[in-house]
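These notes concern the structure reproduced below.
Every number here is computed from the coordinates shown, using simple stated rules; none is lab data. Just so we're clear, the structure is a prediction, and the values are computed from it rather than from any experiment. So basically every Cβ, Gly included, is an ideal-geometry build from the backbone, and we count neighbours across all protein chains shown.
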Amino acid sequence: MGDTNKKWLYLGILSVIWGTSYILIKKGLLGFTPLQLGSVRVVLAGLFLFVIGFRSVRGISKQEWPWVIVSGFVGSFLPMFLFAFAETEIDSSVASVLNSLVPLFTLFVGYLAFGIGFQRNQLFGVLLGLGGAILLILTGKSLNPEQNYGYTVLVVIATVCYALNTNIIKSKLQNVSPMAIAVGNFLGIWIPGLLVMFSSGFFEGSTLNGPNFWPSLGYIVILCVLSTCVAKIMFNRLVQISSAVFSVSVTYLIPLVGIFWGVLDGETFGARQLLSAGLILFGVYLINKKRTPKAS
């Protein structure tokens, strides 16, 4: 199979994997608390990555290690817990749409923290996307009054963490292999994750003997293997065989998969929420759209 066909295949598979991760979190919460779910994700994903790529960390220099560890906390550790807490109150479909704010905040954080410039149409995209997010939260609150939409703030914070992580990798870890970054990330956060796991009551009888323990653990294992390990490797390969703009187009497809699973699971997603999601995705499109040079 040629690279042209492969990149479309990878794009489709990544969209399904990452779009499904939100419903997997929701199902994992049936048997675990947010602290338990987040810590199990950190510990299991770390173990998988250590097995397949531990030797890769030899390529990380002493100067790069602090950035790798910071990247681990903002790019993996904190978001894993933030999404788990958020989905105790809001639907998985809403979480998947709000995650599309990552490219918007990547531009914003890049400018404020790293001095990376942007075009006028990109600024308009940021404002449009943020407006769509606010509209999504307000309409969701009216459609689901029993849910606490204040928890959407946790998803927004997680997207800012992802944006910060992207800029750290781009500006500070450009010469480190993607596998080394991933393994190094979890070397930095694995012990804290293990400590949270022990302190969260995961090994107590009430959790281990709970009716949803094994099904929930199964969902988390799938989440760790596919979303953290397989998807990361596939995405790195996608970047190599295509362009950066094509690679981030996965952002447009993830919410579609997330909404599909949410509605299938009985979640409510109305027309106004679809409009809000459309505004967010159009904002992302404007951020990634390249200007066509004017003919001289």
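Some values worked out for this structure:
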read-out	value
Cα-only Debye scattering, region 136-185: base-10 log of I(q)/I(0) at q = 0.20, 0.24, 0.26 Å⁻¹	-0.71, -0.86, -0.95
Zero-based 10 Å bins, Cα pair distances in the chain, whole percents	6, 27, 36, 24, 6, 1, 0, 0
Nitroxide proxy distance, nm - points 7 Å out along Cα→Cβ at R272 and V51	4.8
Kirkwood-Stokes translational diffusion coefficient of region 88-227, alpha-carbon pairs, 20 °C, 1.002 mPa s, µm²/s	118
Proximal lysine pairs, the chain, alpha carbons under 30 Å, eight or more residues apart or interchain	28
Per-pair calculated FRET efficiency, R0 = 30 Å: V70 and E204 via Cβ, rounded to 0.05	0.40
Charge dipole magnitude, Cβ of K and R +1, D and E -1 - the chain, Cα centre, debye nearest 20	1200
Rel. contact order, % - alpha carbon contacts under 8 angstrom, at least six apart, the chain	42
